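Notes follow once the structure below has been shown.
The values are calculated or read from the model by the stated rules, or taken from the named source; none is laboratory data. It should be emphasised that the depicted structure is a prediction, and the values quoted were computed from it without experimental measurement. Glycine gets a Cβ as well: all are built from the backbone with ideal geometry, and neighbour counts include every protein chain shown. Accessible surface is based on the protein model in full, side chains and every heavy atom, while ligands, DNA and RNA are left aside. Shrake-Rupley method; radii C 1.70, N 1.55, O 1.52, S 1.80 Å.
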Amino acid sequence: MKTELIYGLHSVQALLKSAPQRIRKLMLLTGRDDQKLQKVVNFAEREGISLERWSRAKLDALVDGNHQGVVAECDPGQVHDEAFLLKLIERLDEPAFLLVLDGVTDPHNLGACLRSAEAAGVHAVIVPKDNSASLTGVARKVACGAAEVLPLVPVTNLARTLNKLRDAGVWFQGAAGEATVGLYQADLTGPLGIVMGAEGDGLRRLTRETCDGLISIPMAGEVSSLNVSVATGVCLFEAVRQRSALATKS
């Protein structure tokens, strides 16, 4: 059976908490015995997970990134699809909160978006199967554990999926620099999906046309746009602010 390598303290700790049964073994840096790594060791030992000590050279050769002295060999995680999304919406006891990434291809940006989304309380992140970054080790490492607990849902036809979710009651706001409605004037309460475009190109035409509205982030300086992961965090946490204020009033 195919296995995955997940590395970095935050990512491995999140996996140990959320799905320890997936881990076949942990490979730890020889000579590193600090408190942070010891927490991983203690948890793994309680779960009966095999531990091996490897040299830095062997760990460096195993993964492409900063492993921080810990690499997990594990079974692949659950693959989510469009049907999963629709069932998720039905089961929620609060308004749906989704993030849609329309063609983000940099794994660092994907990981950063996942990290912000998990912190904001997003229920799932939707991406197109083609022309989009996947959950590589780099993306997982940047996500700091978010990739292990937040569903990432690749879909074949993004516009079709958004239309099905709209039929289920979700409204979509797409971020676009030329939008005439500012982020802080838009209504981001209720069942909501925030749609972010690709690095440089922004939203594709069909995705843009599928959105219920377009919003822009006010820019006061000379810079014309933000990195997609930064813009994602700004939009998500404005939605959090509005939704929290509404919940307090009710």
### Message
Given the criteria outside any loop (DSSP other than H, G, I, E, B), open to solvent by less than 10 Å² (accessible area, probe 1.4 Å) and modelled with pLDDT under 95, does Val40 qualify?
### Response
yes
#### Entry: Lone qualifier among Leu246, Leu165, Leu226 - being under 16 Å from Ser116 (Cβ atoms) and not small (Gly, Ala, Ser)
Leu226
### Query
Where in the stretch 143-250 are the strands (runs of 3 or more DSSP E), entirely inside, with at least 2 residues that are open to solvent by 20 Å² or more (accessible area, probe 1.4 Å) and within 30 Å of Tyr7 (Cα to Cα)?
152-155
#### Entry: Count of the stretch 48-91 residues which are in contact with a helix residue (DSSP H, G or I) (Cβ under 9 Å, 6 or more places away or on another chain) and hydroxyl-bearing (Ser, Thr, Tyr)
1
### Query
Would you call Leu51 among the aliphatic types (A, V, I, L, M), touching a strand residue (DSSP E or B) at 6+ places or on another chain (Cβ under 6 Å) and open to solvent by 40 Å² or more (accessible area, probe 1.4 Å)?
yes
